[in-house]
Every structure is written in structure tokens, then in C-alpha cells.
Amino acid sequence: MLQSHQLTFAYSPTKRFAFPDIRCNDSEAVLILGKSGTGKTTLLHLLALLLRPEKGSVTIDQTDLTQLPPAKTATFRAAHVGIIYQKPHFVSALSVMDNLLLANYLAKNPQDKTRARELATHLGFADHLNKKTHQMSQGEQQRVSIARAVMNKPGVILADEPTSSLDDVNCARVVALLREQSEQIGASLIVVTHDQRLKDEFSKQVIL
Amino acid sequence: MNLFKISWANLKDKPLSSFLSGLLMTLGITIISLLLLLNKQLDEQFSRNVKGIDMVLGAKGSPLQLILSSIYQIDSPTGNIPLEEAERLTRNPMIKTAIPLSMGDSYKTFRIVGTNKKYVDHFEATVGQGALFQKDLEVTIGARVAEIAGLKLGDTFSGSHGLDGNGEAHAETKYKVVGIFNPSNSVIDQLILTPLSSVWAIHEHHEEHEHDGEEHAEEDHDHEAEAPREITSMLVKFRNPMGMMVARGINDNSKLLAALPAIEINRLFDLLGIGVDTLRGLAVAIMLIAGISVFVSLYNSLKERKYEMALMLSMGAGRTQLFGMLLLEGLTLSLIGFVVGLVLSRVGLLLFSMRAERNFHYSLNNMSILPEEWLVLGVAVLIGIVAAALPALGIYRMNISQTLAEE
């Protein structure tokens with residue numbers, strides 16, 4: 001479960017953001033819609049505590065992230081939050097399989113090849129596990145990002161414009177898989193986007 | 001999956017720039033290693049043979065030449081000196097032993113040296129097969145001579161005039177192999193030893209044939225009676241360091257030359273040293289360039305991989321962890337360079353040794369790792385780490401959120 005309370009952030013005195021409170025229960029999905037420049041990515045980074053808010057709090061599974069010492073936030077994030085970025089990015093020197101295992105390794109969890117293979121089969125890229133990520137299409141890459149985000153079975157999945165660079169077919173497939181995977185592990189799914197195609201897919205929406 | 005695997009994958013992902021950095025590192029280490037090896041082995045060979053010889057007495061000329069020819073058997077002799085005068089000069093309480101040497105002939109480029117048992121004792125050589133030479137024209141040969149020239153006990157051969165193997169052969173008189181020395185790793189290994197009187201006998205015999213038949217008897221008679229016995233040089237050991245005074249006395253008051261090996265060899269190594277120092281400087285420069293190459297390629301790839309780093313940080317990696325991963329890339333290149341460099345320098349030494357053996361009958365084949373090479377390893381590791389650390393420090397300044405949002 002994720003809950004934010006009166007989050008504000010300022011890049012400079014003139015460029016400041018105040019965000020509406022967000023609440024997302026386990027196995028629930030929330031869509032945050034906003035045009036560009038409304039601080040979508042900033043909000044997502046605040047929720048993942050990649051940025052420290054000026055004021056307010058973010059609570060994930062009863063832990064207030066803003067109260068954690070900086071050294072612990074990375075560990076906490078690795079264990080409890082899976083993030084999917086707008087453009088799928090990977091460690092390009094590593095194979096698809098190793099990129100998935102990297103999520104386990106960096107979170108100091110046992111490296112679960114079986115889970116990686118299961119996810120790959122389910123998300124439809126099992127044939128590509130030994131390839132480098134740049135040899136795959138955008139849609140395939142985004143599906144690998146989803147698999148990587150759920151490798152550690154996090155309580156919260158944050159997706160930043162996961163569909164903006166995909167065509168309609170891939171867009172629908174990625175959203176469906178994203179919802180399915182987060183429900184399967186009982187995670188709270190928060191999708192931040194300006195992509196109007198997603199409007200009808202989510203019942204719970206927040207407009208920035 | 002671990003940090004080392006990621007480092008290695010990153011190096012493999014940029015094969016050309018990794019190869020260039022590794023190659024430069026390898027080259028620098030190869031040169032330094034080779035220099036160290038050559039220096040050490042030459043030094044060892046030189047000092048082993050010079051051990052216990054305090055002075056060399058010979059004809060006037062270059063003292064270095066006298067020493068190279070008489071001790072190391074690698075340069076032409078300076079000329080002959082009368083045995084009588086040499087013996088008179090060395091009949092001195094300061095002098096412990098004086099070993100006469102006479103040379104000028106060779107067999108298949110191996111030198112035939114007339115001397116006595118003291119020479120053999122000096123190098124602590126032992127006879128492996130047969131016996132030590134006793135009579136004229138008997139020879140005892142070094143282990144390498146036996147091996148390369150293919151001489152066995154009981155074989156006979158005729159020496160040729162000069163030391164290069166192209167001289168006129170003394171066909172009429174034949175030496176007989178009566179013994180073969182055990183390998184002693186000294187100059188004896190590549191010599192053919194015979195009694196002093198053999199050398200005189202050969203050359204008298206030889207001269208005889210150059211004269212016409214009529215005058216033959218008379219000339220020969222004169223020769224026998226009047227020609228003073230000559231030798232090439234004398235190796236001298238002093239009783240105590242005050243013997244140096246003897247050398248000065250000989251140089252000032254006689255027609256002979258007394259050369260001091262300790263001084264001449266130092267002079268030789270000083271001369272060589274300039275070349276060695278220059279090459280060493282060059283090798284260090286190459287290693288530094290290798291460091292710069294590691295720096296540049298890591299710096300560039302880090303710019304490209306900035307997002308990757310931010311991604312890994314967002315996935316729970318520690319900054320120090322990633323810093324260590326990048327250091328590992330520089331360190332791996334250094335270590336590869338060190339190992340390959342070490343192997344290549346041994347190959348180089350082997351090639352050099354083969355040439356030296358052919359030309360000078362000297363073999364250099366100690367392939368063990370020198371203590372100085374651990375120092376080279378230290379320097380290589382340091383260069384690799386520093387070159388990687390400079391760009392990698394950027395990890396600590398990286399703003400994760402900003403980097404992730406940029407693209």
C-alpha cells in the first residue's frame with residue numbers, strides 16, 4: 001500500500017509543485033494523468049524517494065520513506081518498489097536474463113532464474129533471454145522492464161509513461177500485462193502518464 | 001550475477017577500446033619486464049665469471065677489451081705478451097694466484113684456450129666424462145661445446161686460426177678430446193681447454209710448414225732456441241686489496257697492461273645503463289599512456305552509461321558498490337596487461353637468448369618472476385586504479401533523479 005500526504009517540491013523558488021494526496025491499496029491501480037510540465041515525473045520520483053520532498057510524507061507499507069536515513073532508502077526502494085521508466089533502459093553490456101537477475105542482486109535477494117524464466121515466458125520474450133536488450137523491439141524491451149520491476153515481488157510498482165513510445169497494439173498489451181503482474185503479486189500499481197489511451201483502462205484516476 | 005561479471009561484460013562490450021588499453025599496458029609491462037630480466041641475467045653471468053679475478057694482465061690496448069676477451073671470451077684478444085715477463089711481474093707477495101691463458105684458435109666458433117689446471121679449479125668446474133687434459137694436444141671440452149659441436153670422448157679435430165670459425169685450419173695437427181666438463185654455468189661451458197704447451201706446439205708446427213725445405217732445419221732450430229714463449233693474458237687473484245698497487249706499478253713501469261675487472265665492468269654497465277634507463281623511461285611512458293587510455297575510454301563509456309548507473313542506483317546499488325565496479329574494470333585491464341606482459345617478456349627473452357647463444361655462446365634462461373616484477377605489478381595496478389577512479393568518482397556526485405529524468 002502507498003499513501004502520500006501533502007507532498008510539495010521546489011526546483012527553484014519560482015518552479016514549485018504541490019501534489020494532491022494519493023492513496024493506492026494493495027492490488028489496486030491508480031492512473032495519474034497530466035500534461036507535460038505538470039510535474040508527473042517529479043511526483044513519481046518523490047513517491048520512489050529518488051527525490052526528497054520539501055514537505056509532506058510518503059508511506060509505503062507502514063514505513064514513512066521521508067523518515068528513513070538516506071543510506072536506508074536505497075535498500076528499502078530495492079526491496080519494496082519496482083520502477084518502470086518511460087524509455088526502457090538496461091545495463092547494455094548484460095543479457096536480458098542478467099538484467100533481470102540484476103534486480104535480485106542489487107536488492108541482495110537470491111538470484112531466481114526460475115522466476116526470471118517464468119516471467120519471460122508469461123510476458124512473451126522467453127526466446128530472447130540470452131540476447132542483449134538493444135537487439136529487441138521497443139515493445140519487447142518495455143515488457144522486459146515490467147519483468148524486472150516485479151522480480152523482487154515489490155509492494156509498489158511505479159510506472160513513468162510506460163506506453164508513450166509504443167504503438168496501440170503494444171500499448172494495450174503492456175498495460176494489460178502490467179496490471180496482471182501487479183495484481184498477481186498484490187502490489188499497488190501507480191501509472192503516471194499523459195497518454196490518453198490509458199484513460200479507459202483505470203477506474204481510479206488522479207488528474208494533475 | 002555479481003560486480004565482477006558486470007565489469008567483465010562492460011569490458012567485453014567495448015572490445016576495441018578495452019583491447020587498446022590492455023595492449024598499451026601489456027606493451028609497457030613487457031618492455032620493463034624484459035629489461036629487468038636481461039639486466040639481471042647479464043649481471044649474473046658477468047659477475048659469476050668475474051668472481052675471484054682481481055686483475056687481468058695482458059698486452060697494452062683497451063682494458064675493457066682485455067677483460068671481455070680474457071674473462072668472458074667475447075671479444076678479440078689484445079695481442080700476446082712474453083710468458084717470462086708475465087711470470088716475473090706476477091712473482092709478487094701480493095699476488096695469490098696467476099693463471100696463464102693463451103688463445104687465438106677455435107673449433108666451430110668455440111674458443112680453444114691454452115691454460116692449466118688452476119683455470120679449471122678457479123671456476124670450480126668438474127670433469128664429467130674422461131679426464132682433464134695432461135699432454136700436448138689433449139683437450140677437455142665444455143658441456144655446451146660437446147652438445148653443439150657434437151664432440152665425444154676420443155674424437156679428434158683440428159682447430160682453425162682465428163676466433164670466428166672462418167680461419168685457416170691447422171690441418172696437420174689434431175686435438176684429441178680426453179674429457180668433457182660437467183655444466184658449470186660459467187664461461188668454461190663454452191670453451192675447449194688444452195695445456196698451454198699445446199698452443200705453442202700447434203703454432204710452431206704450423207710455422208715450420210710455411211718455410212722452404214732447405215732453410216727448414218736451421219730456422220726451426222733458431223726458433224726453438226730463441227723465440228720467447230708467449231701467452232695472451234694472465235688472470236690474477238690478489239692476496240689482499242693492497243694488490244691494487246701492483247696493478248698501478250705494472251701500468252706505470254712495464255709494457256704490459258693490468259686491467260681491473262671490477263672497474264671496467266662497472267664502466268661497461270654504466271654505458272649500457274644509459275640505454276637501459278632510456279628504454280625503461282619509455283616503458284614507463286607507455287604504461288602511463290595505457291593509464292590515460294583506460295581513463296579516456298572509461299570516461300567516455302561512463303558518459304554513455306550515465307543512465308545505466310542512475311538506473312542501478314535506483315535499483316538499490318550503493319554508490320561505493322558501483323565505484324568499485326568501475327575500479328574493477330581498470331584493475332582487470334592492468335592485471336591482464338601484467339600477466340600477458342610477463343608471458344611476452346619471457347618469450348622475448350627466449351628469442352634474445354637464442355640469438356645470444358648463437359653469437360656469443362651465452363645462454364639466458366632464468367624465467368622465474370623477479371622481485372622487481374612485483375613492484376611493476378604494483379605500479380600497473382596503481383595506474384589502472386587511478387585511471388579508473390578519476391572518472392568513476394562522478395558516481396558520488398550523480399543526481400539520480402535528474403539523470404533518470406533527462407531522457
| request: Look through the stretch A:80-96, keep the residues that are within 20 Å of A:ALA48 (Cα to Cα) and touching a Lys or Arg at 6+ places or on another chain (Cβ under 9 Å), and return whichever of them is surrounded by the most Cβ atoms within 10 Å (Cβ to Cβ). | output: A:GLY82
| Among (1) without any contact (Cβ under 8 Å) to a residue 24 or more places away in the chain; (2) away from chain A (no Cβ under 14 Å), the one test that B:ALA317 misses | (2)
| said: Residues to consider are B:GLY150, B:GLY142, B:GLY159, B:GLY154; find the one that is touching a residue at least 12 places away in the same chain (Cβ under 8 Å), small (Gly, Ala, Ser), assigned by TED's automatic domain parsing to the domain that holds B:TYR107 and over 26 Å from B:ASN80 (Cα atoms). | reply: B:GLY154
| message | Condition (residue is away from chain A (no Cβ under 13 Å) and under 25 Å from the mean Cα position of the chain (by Cα)) applied to the stretch B:4-26: is it met by at least one residue? | response | yes
| note | Conditions (1) under 24 Å from B:LEU322 (Cβ atoms); (2) assigned to a helix (DSSP H, G or I) -> A:GLU118 fails only (1)
| Can you tell me which residue in the stretch B:63-88 is nearest to B:MET234 (Cα to Cα), limited to those that are outside any helix (DSSP H, G or I) and under 22 Å from the mean Cα position of the chain (by Cα)? | B:PRO77
| Answer residue from the stretch A:42-83, given it is more than 16 Å from the chain's Cα centre (by Cα) and among the aliphatic types (A, V, I, L, M) and is farthest from A:PRO20 (Cα to Cα) among those | A:ALA71
| request: For B:LEU288, work out the one condition from (1) in contact (Cβ under 8 Å) with a residue 12 or more places away in the chain; (2) buried (at least 18 other Cβ atoms within 10 Å of the Cβ) it doesn't fulfil. | output: (2)
| message | If I ask for residues that are closer than 21 Å to A:ARG77 by Cβ and either assigned to a strand (DSSP E or B) or at pLDDT 90 or above (or both), which ones from the stretch A:29-41 would you list? | response | A:ALA29, A:VAL30, A:ILE32
| task | Could you grab me the full set of residues in the stretch A:101-124 that are hydrophobic (A, V, I, L, M, F, W, C) and either within 9 Å of another protein chain (Cβ to nearest Cβ) or touching a His at 6+ places or on another chain (Cβ under 6 Å) (or both)? | result | A:LEU101, A:LEU102, A:ALA103, A:LEU106, A:ALA107
| said: Among the residues in the stretch B:248-268, are any modelled with pLDDT of 80 or more, β-branched (Val, Ile, Thr) and assigned to a strand (DSSP E or B)? | reply: no
| query | Can you tell me which residues in the stretch A:69-79 are crowded, with 16+ Cβ neighbours inside 10 Å and either without any contact (Cβ under 8 Å) to a residue 40 or more places away in the chain or in contact with a His (Cβ under 7 Å, 6 or more places away or on another chain) (or both)? | reply | A:THR73, A:ALA74, A:PHE76, A:ARG77
| Does the stretch A:70-93 hold any residues that are more than 7 Å from every other protein chain (Cβ to nearest Cβ), part of a helix (DSSP H, G or I) and among the β-branched types (Val, Ile, Thr), and which are they? | A:THR73
| Of the residues B:ALA405, B:ALA388, B:ALA356, B:ALA380, which single one is closer than 30 Å to A:MET151 by Cα and among the aliphatic types (A, V, I, L, M)? | B:ALA405
| said: Which numbered condition in (1) modelled with pLDDT of 85 or more; (2) within 19 Å of B:ASN399 (Cα to Cα); (3) of a type in the set (S, T, N, Q) is the only one that A:ASN104 fails? | reply: (2)
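Table: residues versus (1) touching a helix residue (DSSP H, G or I) at 6+ places or on another chain (Cβ under 8 Å); (2) touching a residue at least 60 places away in the same chain (Cβ under 8 Å).
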{"position": "A:PRO110", "(1), (2)": "yes, no"}
{"position": "A:ALA120", "(1), (2)": "yes, no"}
{"position": "A:ILE146", "(1), (2)": "yes, yes"}
{"position": "A:ASN152", "(1), (2)": "yes, yes"}
{"position": "A:GLU161", "(1), (2)": "yes, yes"}
{"position": "A:ASP167", "(1), (2)": "yes, no"}
{"position": "A:GLU180", "(1), (2)": "no, no"}
| task | Considering each of A:ASN170, A:ASN99 in turn, give the residue that is among the polar types (S, T, N, Q) and buried (at least 23 other Cβ atoms within 10 Å of the Cβ). | result | A:ASN99
| request: Look through B:SER17, B:SER47, B:SER106, B:SER33 and report the one residue that is touching a helix residue (DSSP H, G or I) at 6+ places or on another chain (Cβ under 9 Å), small (Gly, Ala, Ser) and surrounded by 20 or more Cβ atoms within 10 Å (Cβ to Cβ). | output: B:SER33
| Do we find that B:ASN39 is assigned to a helix (DSSP H, G or I), within 14 Å of chain A (Cβ to nearest Cβ) and at pLDDT below 90 in this structure? | no
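Let's see how each residue does on (1) in the same structural domain as B:ILE400 (by TED's automatic domain parsing); (2) surrounded by fewer than 21 Cβ atoms within 10 Å (Cβ to Cβ); (3) of a type in the set (Val, Ile, Thr):
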{"residue": "B:SER314", "(1), (2), (3)": "yes, no, no"}
{"residue": "B:ALA317", "(1), (2), (3)": "yes, no, no"}
{"residue": "B:LEU327", "(1), (2), (3)": "yes, yes, no"}
{"residue": "B:SER334", "(1), (2), (3)": "yes, no, no"}
{"residue": "B:VAL339", "(1), (2), (3)": "yes, yes, yes"}
| query | Restricting attention to the stretch A:40-62, and to residues there that are β-branched (Val, Ile, Thr) and under 19 Å from A:HIS194 (Cβ atoms), which single residue is surrounded by the fewest Cβ atoms within 10 Å (Cβ to Cβ)? | reply | A:THR41
| Single match in A:GLN184, A:GLN205, A:GLN135 (criterion: closer than 25 Å to A:ASN25 by Cβ, surrounded by fewer than 18 Cβ atoms within 10 Å (Cβ to Cβ) and out of contact with any strand residue (DSSP E or B) (no Cβ under 7 Å at 6 or more places or on another chain)) | A:GLN184
| Selected residue (criterion: nearest to the other protein chains (Cβ to nearest Cβ)) from residues of the stretch A:48-69 that are of a type in the set (Ser, Thr, Tyr) and in contact with a helix residue (DSSP H, G or I) (Cβ under 8 Å, 6 or more places away or on another chain) | A:THR63
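The values are calculated or read from the model by the stated rules, or taken from the named source; none is laboratory data. Predicted model, so just to flag it, every value in this text is computed and none were measured. Backbone-built Cβ (ideal geometry, glycine too); neighbour counts: all protein chains shown.
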